[in-house]
Amino acid sequence: MYDMIILGGGPAGLTAALYGGRAAYKVLLLEPGAFGGKIASAAWVDNYPGFHKGIEGAELGQLLAQHAERFGVEAKKLKVEKIDLAGSVKKVIASGKEYLAKTVIIATGTPGTLPRALGAEGEEEFMGRGVSYCATCDAPFFKNKDVVVIGGGDEAMREALHLSRFARKVTIVHRQKQFQAAPKLLQKAEAEPKIEFMLETAVKKFEGQQLLEKVMIEDLKTKRQQELEAQGAFISVGRLPDTEFLEGLEKDEKGYIITNENMETSIPGVFAAGDVRRKSLRQVVTAAADGAIAATMAIKYLEKL
Ligand SMILES: Cc1cc2nc3c(=O)[nH]c(=O)nc-3n(C[C@H](O)[C@H](O)[C@H](O)COP(=O)(O)OP(=O)(O)OC[C@H]3O[C@@H](n4cnc5c(N)ncnc54)[C@H](O)[C@@H]3O)c2cc1C
């Protein structure tokens with residue numbers, strides 16, 4: 001029986017593990033991939049306090065993992081398939097094996113962590129070399145550059161508006177006749193002189209030498225193709241849902257877990273931290289802060305048992 005089982009080894013889970021381990025509780029961390037979570041795939045992180053010169057995402061991920069390891073946290077490379085949180089003893093099932101705990105911290109990242117891929121030629125090749133799925137993360141790398149945003153929903157408009165603060169020109173490319181974004185957001189984007197719109201068009205190919213240089217765009221009505229110079233391409237065509245195993249917890253309409261400011265979920269003894277919960281800013285610094293709070297509140301819960 002563990003005191004704390006933590007689901008997910010990203011910044012939120014690793015910080016929770018560090019706090020739980022340092023307080024000498026018996027902690028198990030379950031993570032199927034590389035430790036560090038999503039930040040490990042970021043080429044460069046410029047906004048995590050303390051690293052004033054910036055740091056590679058992969059290195060930051062490793063440092064976070066080493067920090068948790070130092071406090072004796074047990075970690076297993078396993079994906080959680082099912083959880084049963086109903087009783088006072090929580091059951092976590094991973095690779096067919098059952099693990100028991102008094103508290104559980106869910107830190108599995110954005111529901112559907114993986115942004116939906118566009119499926120265009122060259123997308124994978126130029127990922128991190130011009131192709132991105134997160135303007136909040138990468139926009140500052142495109143100062144005075146030309147970028148495209150692919151998508152037509154709220155997120156695409158937000159990405160375009162954020163990018164317009166850095167880029168020289170932002171072109172929104174969307175397949176449909178009209179945008180699906182909320183009218184207010186759309187009006188804001190239309191009022192921004194740096195933003196241009198291309199409806200009923202689709203990106204077919206990303207091209208360049210080492211870095212992205214241009215995108216091939218097809219007019220879906222005439223089938224005519226044209227090249228658009230762009231050093232950045234931000235894909236915002238939805239996310240893949242992956243929340244089935246988190247059943248029983250109160251979530252919002254997008255699948256984010258609802259917590260209070262103590263990271264407590266609707267089930268006593270179960271906490272959520274980081275990108276997986278409903279919140280206003282999804283970054284490493286807020287994920288780490290959530291992890292620290294979740295573990296501290298889990299410890300308070302354990303003390304009362
Ligand atoms: C390309 C990119 C660049 C970014 N750049 C920045 C930046 O510059 N600055 C910044 O502050 N933020 C940046 N971010 C955002 C930042 O990475 C996230 O906000 C942060 O990683 C969230 O941490 P988390 O621990 O909540 O979730 P995640 O980092 O998503 O970690 C969740 C972990 O849970 C694991 N998991 C998922 N399902 C299960 C399961 N069923 N069982 C067990 N484990 C599971 C996943 O494998 C993953 O490792 C960037 C994100 C991306 C994608």
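Can you work out which of the residues in the range 244-276 that are over 16 Å from Leu14 (Cα atoms) and in contact with a Phe, Trp or Tyr (Cβ under 9 Å, 6 or more places away or on another chain) is farthest from the ligand (Cβ to nearest atom)?
Pro268
Residues in the range 1-33 that are surrounded by fewer than 24 Cβ atoms within 10 Å (Cβ to Cβ) and near the ligand (Cβ under 7 Å from one of its atoms): how many?
Adding up the residues that qualify gives 3.
Search the range 277-305 for residues being in a loop (DSSP other than H, G, I, E, B) and more than 7 Å from the ligand (Cβ to nearest atom), and hand back the single one that is surrounded by the fewest Cβ atoms within 10 Å (Cβ to Cβ).
Ser280
Is one or more of the residues making up the range 108-116 within 30 Å of Gln210 (Cα to Cα), away from the ligand (no atom under 11 Å from the Cβ) and assigned to a loop (DSSP other than H, G, I, E, B)?
yes
Quick one: Ala230 ticks every box in (1) at positive phi; (2) crowded, with 21+ Cβ neighbours inside 10 Å; (3) in the same structural domain as Arg175 (by TED's automatic domain parsing) bar one, so which box is it?
Only one criterion in (1) at positive phi; (2) crowded, with 21+ Cβ neighbours inside 10 Å; (3) in the same structural domain as Arg175 (by TED's automatic domain parsing) is unmet by Ala230, namely (1).
Output the helices (runs of 4 or more DSSP H) that fall wholly within the range 128-212 and possess 3 or more residues being more than 25 Å from the chain's Cα centre (by Cα), or say none.
Qualifying helices (runs of 4 or more DSSP H): 183-191.
The values are calculated or read from the model by the stated rules, or taken from the named source; none is laboratory data. Being a predicted model, the structure only gives us computed values, none of them experimental. Glycine gets a Cβ as well: all are built from the backbone with ideal geometry, and neighbour counts include every protein chain shown.
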